[in-house]
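First up is the structure itself, then whatever we jot down about it.
The values are calculated or read from the model by the stated rules, or taken from the named source; none is laboratory data. Just so it is clear, the structure is predicted and the values come from calculations on it, not from any experiment. In this analysis, Cβ positions are derived from the backbone assuming ideal geometry, glycine residues included, and neighbour counts consider all displayed protein chains. The area values use the complete protein model at the heavy-atom level, side chains included, leaving out ligands, DNA and RNA. Shrake-Rupley method; radii C 1.70, N 1.55, O 1.52, S 1.80 Å.
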2 protein chains.
Amino acid sequence: MSDTTERTATAFANPNIAFIKYWGNRDHELRIPASGSISMNLAGLETRTRVRFDSNLSADTLTLNGQPAAEAARARVARLLDRVREMAGTRARAEVVSANNFPTAAGIASSASAYAALALAASAAAGLALDEPALSRLARTGSGSACRSVPGGFVEWQAGTTHEDSYAFSIAPPDHWHLVDCVAVVSTRHKTTGSTHGHALAPTSPLQAARLEDAPRRLDICRQAILERDFEAFAEVVELDSNLMHAVMMTSSPRLLYWLPATLAVMRAVERWRAEGLSACYTIDAGPNVHVICLHEHHPEIVHRLKAIPGVEQVLTATPGGAARLLDEPAASNNPRSLQNLPGQYLRS
Amino acid sequence: MSDTTERTATAFANPNIAFIKYWGNRDHELRIPASGSISMNLAGLETRTRVRFDSNLSADTLTLNGQPAAEAARARVARLLDRVREMAGTRARAEVVSANNFPTAAGIASSASAYAALALAASAAAGLALDEPALSRLARTGSGSACRSVPGGFVEWQAGTTHEDSYAFSIAPPDHWHLVDCVAVVSTRHKTTGSTHGHALAPTSPLQAARLEDAPRRLDICRQAILERDFEAFAEVVELDSNLMHAVMMTSSPRLLYWLPATLAVMRAVERWRAEGLSACYTIDAGPNVHVICLHEHHPEIVHRLKAIPGVEQVLTATPGGAARLLDEPAASNNPRSLQNLPGQYLRS
């Protein structure tokens, strides 16, 4: 981009829900995980991010959901932009404008879609044409699970041991299996311990090493269950893996107890429903909300039942989503105000 | 007892609450545990058990809280009586009458006080004068944690590896530290998986080996904290240990999730209260009720606050209790109807 002073790209990415979880790093700086993970992208939930490199800017700026972002968030984005600048051989600073169509801190890992969209938009705006593994690696350096929001559908992140071999790839396309993620939102308050800090606490649990040692077995079972569309095997390993992560969290020092009473009410209800014959299982990220994964034909019933549980504030649903992708630039995209071209729901905070 | 055809003894024991938990056996038959544990006897909560050996009886009988017991319970008691008969060299069958002054399945391990009282009453009625370690061993064969209800006050069960070296002893008398156990009863329904079956499931969790490996460290910290009356250190290790046991339970196959929504509400409240300066911590056995252990001076406030938490049905309190002991026999004790001499609350079912 040495030949221009300004260049813009806009990208789009879905968040993802992990079936085999990422918790704990081998390398905190590069976010090389201590074990592999498997996830599904979530169609309908989206981050859109526009990056405009401009050699006249004196610093990177970040606007999130229509508001100037906090300095910590801006600095974290700037570190990813530094990587992009280094690859592209430029020193231009960037204006980054990003918005989600889903509530922040609703138990949806917005950092995953945010850094996947940022990696794609920033690299494209810088004139780089990164392949999928390279984009996945770049996204990973911003937020580990973001590497899984780069490829489409059902995705596996191979842990690897270096920056080069730690990236995600698709193991099945979105239409491979008609699962629905029904997110039972039991609290929209911000969690008290963010994931980045939490990952650093994982090794303080007496259980983390055992959890990691067993991870290859769970990855094999989960991958196979997805490929064979075997819901029973899938449900068992997904719930086990979620409980294993929370077991580590609640025994780390300090202990991290993310569950609320309503979290447990949903977990127990889902166990009952599956015993009654509904194909549904639960999985919970680093927060109190419960992702209830079910077969498409059961999802109206599941949503109906979830809404009846005291403490469940709302239920979001998502089907398997595609890969991160670039969006066509509107003609006025050089104008910072053109973010207003984003659909209304993207600008709600 | 070959010289008599009938002999009776009545014993009394408290249940106990474990601070470092027992979950998983090295030997299921003999209930040799996979790791040591530490507990406190609970004064005010009691089992009274009368054993009458009678050579005219054709089978052992068991009356629990005024009702004939189920066959499984009777057979389990008969197995302990078989051990006593073998030691005493008799073949007489026994009539066993036992009653608790606390609700069964209220999260209080009634099997601990029951088998401690049974071991003492049965051995005395058979004419044996067992010392404390021998009584503790005998009680253990009926219910593992019962070995801890034989000695008084604060008690440690050394795991051992054989019947001979697996027994409990007092590490401090009841008046050593003025703790109060405030039991927040959130459900009086029977738990779905009993402890005996649960112990057998422990090794199916990928986390159990790591939990056991770390046990000597926790035992040292807990023992030292009790001896030094260091509540902060005590609270940290007690909550960690409880979470470790439930981590194993919720990741065993099948998964055992004993917590209810109100369980979690109490756990989170106690964490908050301690952060505010109240000396209180939680510990949870194989059920949904929460034992909130606190310093004596804080217990009125703790009880008051616990009662205000939705889902808490009642709060029982107990102070450190003494050793299992024999009770003087009333003159009419040969008469099976004399169980009616037990105070009224012992005969409520």
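Protein heavy-atom surface of the protein assembly as shown, 1.4 angstrom probe: 50% of the accessible area is carbon and sulfur, with nucleic acids and ligands not counted. Per residue, the convex hull spanned by the alpha carbons of the stretch B:7-340 comes to 125 Å³. With the cut-off at under 19 Å, measuring from each backbone N in the stretch B:3-39 to a point 7 Å along the Cα-to-Cβ line of B:H296 picks out B:17.
For the stretch B:197-213, accessible area lost to neighbouring protein chains reaches 10 Å² or more, against the chain alone with a 1.4 Å probe, at B:P206, B:L207, B:A210. Between the stretch B:151-185 and the stretch B:191-250, how far is it from one alpha carbon centroid to the other, in angstrom? Here the answer is 15 Å between Cα centres.
Residues in the protein assembly as shown average 38 Å² of solvent-accessible surface per residue, probe 1.4 Å, ligands and nucleic acids excluded. Once the Cα atoms are used to define both axes, helix A:71-88 deviates from the longest principal axis of chain A by about 60 degrees.
Each other copy places its own label point for A:R325 at 8.1 nm from this one, sorted shortest first, where the point lies 7 Å along the Cα-to-beta carbon line.
Note on B:H178: accessible area approximately 120 square angstrom, rounded to 10, probe 1.4 Å, nucleic acids and ligands left out.
GNM on chain B, alpha-carbon springs under 10 angstrom: the most fluctuating residue among B:G144, B:G89, B:G36 is B:G89.
Computed per residue of chain B from DSSP H runs no shorter than four, each worth -39500 (n - 2.57), the mean residue ellipticity at 222 nm is -10500 deg cm²/dmol. Pairing chain A with chain B buries about 2400 Å² of accessible area. This figure sums both sides and uses a 1.4 Å probe.
Computed over Cα pairs, the Kirkwood radius of the protein assembly as shown leads via Stokes-Einstein (1.002 mPa s, 20 °C) to a diffusion coefficient of 77 µm² per second. Using a label point 7 Å beyond Cα on the Cα-Cβ vector, give me the inter-copy distances for B:Q67 in nanometres, one decimal, shortest first. Nearest first, the other copies' label points are 5.8 nm away. Contact residues in the stretch A:250-264 by the 20 Å² criterion (accessible area, 1.4 Å probe, full protein complex versus chain alone): A:M250, A:T251, A:R255, A:L257, A:W259, A:L260, A:P261, A:L264. Summary value for the stretch B:1-153: 32 percent relative contact order, contacts being C-alpha pairs under 8 angstrom separated by 6+ residues. Computed with a 1.4 Å probe on the full set of protein chains, the accessible area for A:D328 sits at about 150 Å². A Gaussian network model of chain B, with springs between Cα atoms under 10 Å, assigns the largest mean-square fluctuation among B:W177, B:W23, B:W273 to B:W273. Counting, for every residue in A:236-244, the Cβ atoms of other protein chains within 10 Å of its Cβ and taking the mean gives 4. Shortest first, B:D82 label-point distances to identical copies amount to 7.2 nm, with the label point at 7 Å from Cα along Cα→Cβ.
GNM on chain B, alpha-carbon springs under 10 angstrom: the most fluctuating residue among B:E95, B:E276, B:E228 is B:E276.
The DSSP beta bridges internal to chain B are antiparallel in roughly 95% of cases. The largest-to-smallest principal axis extents of the Cα set in the stretch B:1-109 are 44, 31, 24 Å.
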